[in-house]
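Read the structure below first, then the notes.
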Amino acid sequence: MDSSRLRRHRPTALTILAVVALYYATARLGLLQQLVRGQVTPLWPPTGISVAALLLFGTRVWPGIALGALTVNVTIGPTAWSVLAIVVGNTLAPVCSYLLLNRVRFHNDLDRLQDALALVFLGALGPMLISATIGSGTLFLSGALPGRDFWSTWSVWWTGDAMGVLVVTPFLLVIRWARWPPGVGPLVWVEAAALTACTLTVTYLATNSASSSLLFLVFPFLIWASFRFERAGAAPCALAVSTLAILASGRMTGPFEDHTLLTNMVTLQAFNGTVSLTALVLTAVVTERNRTHEEIERLCAQLRTAVTRQNKSSRQVPPET
């Protein structure tokens with residue numbers, strides 16, 4: 001009995017351990033761009049991984065999120081109680097995202113317009129207020145954060161968690177079903193390579209230029225990726241654009257130079273939010289259009305088959321005398 005129960009729970013335990021490992025590994029990468037106290041960063045990939053894990057495996061993986069947050073914060077938190085409070089916030093926010101998305105019947109394939117909008121507002125922008133408020137409030141109450149720095153820290157925290165959901169979660173949901181496309185001609189690969197090179201080049205130039213208006217140059221390439229490659233192209237492009245923008249904001253170069261931290265976070269959140277919303281919405285619209293076109297073609301084929309059979313049947317019936 002005990003051995004059968006162990007075998008039954010083994011997949012869940014392995015999934016939880018995988019979530020812990022991914023959470024910790026991506027957290028260490030995120031902390032390379034820390035802006036406040038060595039622990040607050042404008043991109044927090046573990047939040048995106050947490051939401052994706054909940055969407056794919058359900059609420060049974062929440063201990064992995066909590067353990068991952070604990071392993072990361074136990075060495076950088078100011079006090080034991082503050083570490084526990086931050087862990088609670090970092091766990092509660094993605095769980096709330098999952099519950100809200102589940103309530104509106106979110107599709108993991110991101111193949112509807114309502115799924116794109118739900119991920120932006122119900123998955124990222126709204127629930128991440130919880131972790132930002134609990135985390136910043138905890139640092140303030142523990143004395144590790146001066147009162148004058150509260151709102152700038154809060155903005156960085158909220159931006160990092162929201163960006164984790166907006167750019168990492170769609171990417172993970174897309175690559176889970178990604179397959180090597182059969183029968184793809186060389187021109188398609190050339191186009192994909194050109195799209196990648198142009199997106200990275202233009203984004204790098206825009207994020208290293210003092211003029212913030214150049215940031216708008218990246219949107220034609222997001223439109224290109226959405227219309228030509230749908231989710232498989234739009235999600236990686238949005239991730240690359242947002243990552244380069246976040247790196248520039250961390251260095252405070254280009255359009256983020258000579259501004260306060262709060263101003264930079266507002267600019268970064270607005271830009272990356274627009275990038276993600278553009279990619280997700282366009283991809284959903286194109287996917288819905290293509291699915292509708294395929295359904296119409298299928299129905300037309302069925303109608304042609306039915307008409308052909310009807311004509312054959314009518315010719316086989318002998319005329320009445």
Subject >> Mean residue ellipticity (222 nm) of the chain, computed from DSSP H runs ≥ 4 via -39,500 (n - 2.57), nearest 500 >> reply: -25000 deg cm²/dmol
Original post:
Taking the Cα centre of the chain as the origin and placing charges on Cβ (Lys, Arg +1; Asp, Glu -1), which of THR159, SER226, GLY185 is farthest toward the positive end of the dipole?
Top reply: GLY185
Subject >> Which of ASN102, THR308, LEU22, positive extreme of dipole for the chain (C-beta unit charges) >> reply: THR308
**OP:** Report Rg (one decimal) and Dmax (nearest whole number) for region 225-296, counting Cα atoms only, units Å.
**Re:** 15.7, 55
Original post:
Quick one: which of 229-238, 157-166 comes out on top by average Cβ neighbours within 10 Å, and what's the full order, highest first?
Top reply: 157-166, 229-238
**OP:** For region 119-165 and region 254-281, write down the distance between their C-alpha centroids in whole Å.
**Re:** 16
Original post:
Using a simple charge model, +1 on the beta-carbon of Lys and Arg, -1 on the beta-carbon of Asp and Glu, nothing else, what dipole does the chain show about its Cα centre, in debye to the nearest 20?
Top reply: 1020
Original post:
If each of THR12 and ASP109 carries a label point 7 Å out from its Cα toward its Cβ, how far apart are those two points in nm?
Top reply: 2.8
**OP:** State to the nearest 20 debye the size of the charge dipole of region 244-312 about its Cα centre, where the only charges are +1 on K and R beta carbons and -1 on D and E beta carbons.
**Re:** 640
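Please work out the FRET efficiency for the pair HIS293 and ALA21, using the Cβ-Cβ distance as r and a Förster radius of 45 Å; give the result to the nearest 0.05.
0.60
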Original post:
Listed highest first by mean packing, meaning other Cβ atoms within 10 Å per residue, what order do 42-55, 211-224 come in?
Top reply: 42-55, 211-224
Subject >> By average C-beta atoms within 10 angstrom, highest first, the peptides 102-114, 128-140 >> reply: 128-140, 102-114
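Laboratory data are not the source of any read-out in this text; all were calculated from the coordinates shown. Model, not experiment: these values are computed from the prediction. A quick note on method: Cβ atoms are made from the backbone with ideal geometry, for glycine too, and the neighbour counts reach across all protein chains shown.
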